[in-house]
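Read through the structure below, which is laid out as structure tokens, and then see the notes.
The values are calculated or read from the model by the stated rules, or taken from the named source; none is laboratory data. Being a predicted model, the structure only gives us computed values, none of them experimental. All Cβ positions, even for glycine, are placed from backbone atoms using ideal geometry, and neighbour counts span all protein chains on display.
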Amino acid sequence: MAQAVVPAMQCQMGALGKSAVRARPAAAGGRVWGVRRSGARGTSGFKVLALGTETTGVVPRLEQLLNMDTKPYSDKIIAEYIWVGGSGIDIRSKSRTISKPVADPSELPKWNYDGSSTGQAPGEDSEVILYPQAIFKDPFRGGNNILVVCDTYTPAGEPIPTNKRHRAAQIFSDPKVASQVPWYGIEQEYTLLQRDVNWPLGWPVGGYPGPQGPYYCAVGSDKSFGRDISDAHYKACIYAGIEISGTNGEVMPGQWEYQVGPSVGIDAGDHIWASRYILERITEQAGVVLTLDPKPIQGDWNGAGCHTNYSTKAMREDGGFEVIKKAILNLSLRHDLHISAYGEGNERRLTGLHETASISDFSWGVANRGCSIRVGRDTEANGKGYLEDRRPASNMDPYTVTALLAETTLLWEPTLEAEVLAAKKLALKV
Amino acid sequence: MALLTDLLNLDLSDSTEKIIAEYIWIGGSGMDLRSKARTLSGPVTDPSKLPKWNYDGSSTGQAPGEDSEVILYPQAIFKDPFRRGNNILVMCDCYTPAGEPIPTNKRHAAAKIFSNPAVSAEEPWYGIEQEYTLLQKDINWPLGWPVGGFPGPQGPYYCSIGADKSFGRDIVDSHYKACLYAGINISGINGEVMPGQWEFQVGPSVGISAGDQVWVARYLLERITEIAGVVVSFDPKPIPGDWNGAGAHTNYSTESMRKDGGFQVIVAAVEKLKLRHKEHIAAYGEGNERRLTGKHETADIHTFSWGVANRGASVRVGRETEQNGKGYFEDRRPASNMDPYVVTAMIADTTILWKP
């Protein structure tokens, strides 16, 4: 494979170490996350207090090398370039050496990969170009090493079909959208499976656990399976600079959830993809399989979703509840379009049972977990806040979903007749 | 950095001010503990500075699906021995969005009793002896017991050592240190009479904190058994037959009992408990009738009795208390699955507030 030679870089070292941790990138257009706060003590960093040898698939004598801090020996850093592959849900990555730490993704070189190996290009014209878009600290390599979220283009500069970020970025830079500062809080659910048998973690092979009830937020070896993965992921994401806001054990045993947000605009997608990457790297180590399938086990078992909480500036200000209702009205008129973009296989999950709304009907309600859109009691009481779109599946593409929510509620307008009919149907006075 | 254990043990204070707060609450059965975590922007030491939160009550049998939000009010903070650093555990109780305690919230009523001036003036102290049984996972048979059979009869196991007599010490010892680290007032541990059964004691704690500390100690215990691949049971009679049950003996004293002449106050208090025996028993844990048989160091559930140094009585007064003329007494009736908010508040209510 052709590899671009990395030119020597001018880099402002100072930029990396300055000021407090930011929720938003400081440099113009730059997306660098997990920057050290000022006065951070030392560079020795990670205190390793190993609990004892566990089967991680890592040869014990390699630990020293894996954890080596190269900073005393070299300024070079390792950058792991990450992209979404041909299925739209497979994550790929490879790494390269960069001569010095960088302050901004624009300082990183574009790269390329073999698209014919990921179903994204034909063999005789296989190069797909990687454009670096967001930088996170690498929780596996530590030091100044980084993860780089990229999107994918033809050599001519056109986004390839599986590149959903490009269109989302265009929507988010539309002044009508940008001025509303759209916030997203995404609740990513996922299921852990035992390797080789692909049966959920903690489930007896050849059988089923007791019915749902005891597992949600539970503790105990008979109720909670895989906490180490969830907890290691939590700290790794905080370290990386991802806006992870919480975790919990889910209703189906072996299922978990974490939440990322509030993120502004395009950041939501970058953070979710980076967090999915870190999660699958962790399950790789743990010898467990990660699935984002929206209904991993048929029958009386919950599916996995990716509820997307959303608000605009107008929704967060006084009188925002009316803006929310108008947004819900718009969403109700584009239900089928949204559903088609909310994840493959969602029809197996959105049945109207197991805290979902049926896939064919649009509904909304306050504190109602059986609806398509739920509005929290706080929002109702305060007259402003946010809405929760409960329709997206766990395997949704966050760029697609976040951009579509912004587009439908901020850029699209229904016809007057359609609006009046929908308002009647939903009992919304708008 | 590369391994799972490195990530779990990561000390985040080098890279951020953020902390992780694990909010803990009691679920719909009144005995199942639930928790979930959230990120806070900086360290917090005062529960009143923590945000209220909410959870899906329809998944814990505490709310219907179409009105599912249950609100969590932070009540007590402890250090998190698993995540360490500035990360915390937060003991919460549960309310409707309108601010009413939900039916399984026993802390609210207890807090009311403890803030009654007559009660707080007496500064009630509690020492709770939490017994529990460890079971092998998947088969739910006690730890150390042969599968398909029984160990030798009770006798050799109480406070014993040795691979043939003591089962699960690592869980007990790591729980002890974890509680001390967290800030729980754990005062001791011992191996119990039934093999695979253990006890830890929490106290002396004042008023409502007794309940908070016992619940968080139970949470830490179940997190530790989760790691160990073992199941913890708080059932009051896990194995029927000639095997001890598990209780939560509650030691209790007030300011008046601890002063000179306290012994008379104790006797008067115990007499009041006798008059409300049925009400107390009803609140002392589900399934207690399988345990309080009159055998195995218990008193029969239908009869109230008390005596000095008598482990077969409902209430036992220590020899030292009798000799010094002051001290405390031990209510031996509560089962291991009792709710400490209910029991501690009820004892205070009956002995301080209630007039026969």
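Assorted remarks:
- Evaluation of A:Ala367 against the conditions (1) more than 14 Å from every other protein chain (Cβ to nearest Cβ); (2) free of Cβ contacts under 8 Å to residues at least 24 places away in the same chain; (3) surrounded by 15 or more Cβ atoms within 10 Å (Cβ to Cβ) shows that the sole unmet condition is (1).
- Residue ID - nearest to the chain's Cα centre (by Cα), chosen from residues in segment A:246-275 that are over 21 Å from A:Ala406 (Cβ atoms) and more than 10 Å from chain B (Cβ to nearest Cβ): A:Trp256
- Any hit, segment A:397-415, residues being within 14 Å of another protein chain (Cβ to nearest Cβ), surrounded by 18 or more Cβ atoms within 10 Å (Cβ to Cβ) and touching an Asp or Glu at 6+ places or on another chain (Cβ under 7 Å): no
- Residues (closer than 25 Å to B:Arg218 by Cβ and either of a type in the set (S, T, N, Q) or more than 7 Å from chain B (Cβ to nearest Cβ) (or both)) located in segment A:228-245: A:Ile229, A:Ser230
- Matching entry among B:Glu122, B:Glu66, B:Glu100 (being out of contact with any Gly (no Cβ under 9 Å at 6 or more places or on another chain) and within 14 Å of chain A (Cβ to nearest Cβ)): B:Glu100
- The criterion of being farther than 27 Å from B:Lys112 by Cα and within 14 Å of chain A (Cβ to nearest Cβ) does not hold for B:Ile189.
- Restricting attention to segment B:214-229, the residues being within 10 Å of the chain's Cα centre (by Cα), more than 7 Å from chain A (Cβ to nearest Cβ) and either within 10 Å of B:His175 (Cα to Cα) or aromatic (Phe, Trp, Tyr) (or both) number 3.
- Taking the conditions (1) buried (at least 16 other Cβ atoms within 10 Å of the Cβ); (2) farther than 30 Å from B:Ala63 by Cβ in turn, B:Pro156 satisfies each one other than (1).
- All conditions in (1) over 22 Å from the mean Cα position of the chain (by Cα); (2) basic (Lys, Arg); (3) closer than 22 Å to A:Gly269 by Cα hold for A:Lys100, with the sole exception of (3).
- Residues considered: A:Gly265, A:Gly207, A:Gly320, A:Gly269. Of these, the only one that is of a type outside the set (Asp, Glu), more than 25 Å from B:Asp6 (Cα to Cα) and modelled with pLDDT under 95 is A:Gly207.
Yes or no, residue by residue, for (1) farther than 30 Å from A:Glu417 by Cβ; (2) not β-branched (Val, Ile, Thr):
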position	(1), (2)
A:Ala268	yes, yes
A:Ile272	yes, no
A:Val288	yes, no
A:Asn302	yes, yes
A:Thr308	no, no
A:Leu329	no, yes
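- For segment B:125-153, a tally of residues being under 25 Å from B:Ser187 (Cβ atoms) and either part of a loop (DSSP other than H, G, I, E, B) or over 25 Å from the mean Cα position of the chain (by Cα) (or both) returns 1.
- Segments classed as helices (runs of 4 or more DSSP H), wholly inside segment A:255-363, with at least 1 members that are among the basic types (Lys, Arg): A:267-286, A:313-316, A:320-333, A:346-349
- Single condition A:Cys371 does not satisfy, out of (1) among the hydrophobic types (A, V, I, L, M, F, W, C); (2) assigned to a helix (DSSP H, G or I); (3) at pLDDT 90 or above: (2)
- Pick from segment B:248-267, criterion more than 29 Å from B:Asn190 (Cα to Cα) and touching a helix residue (DSSP H, G or I) at 6+ places or on another chain (Cβ under 8 Å), ranking: surrounded by the most Cβ atoms within 10 Å (Cβ to Cβ): B:Gly262
- Some residue of segment B:123-138 being of a type in the set (Gly, Ala, Ser), free of Cβ contacts under 8 Å to residues at least 12 places away in the same chain and farther than 15 Å from B:Phe234 by Cα: no
- Among the candidates B:Lys112, B:Lys52, residue that is within 10 Å of chain A (Cβ to nearest Cβ) and either touching a Lys or Arg at 6+ places or on another chain (Cβ under 6 Å) or at pLDDT 95 or above (or both): B:Lys52
- Test result for B:Leu134, in contact with a strand residue (DSSP E or B) (Cβ under 7 Å, 6 or more places away or on another chain) and either among the aromatic types (Phe, Trp, Tyr) or more than 25 Å from B:Gly27 (Cα to Cα) (or both): no
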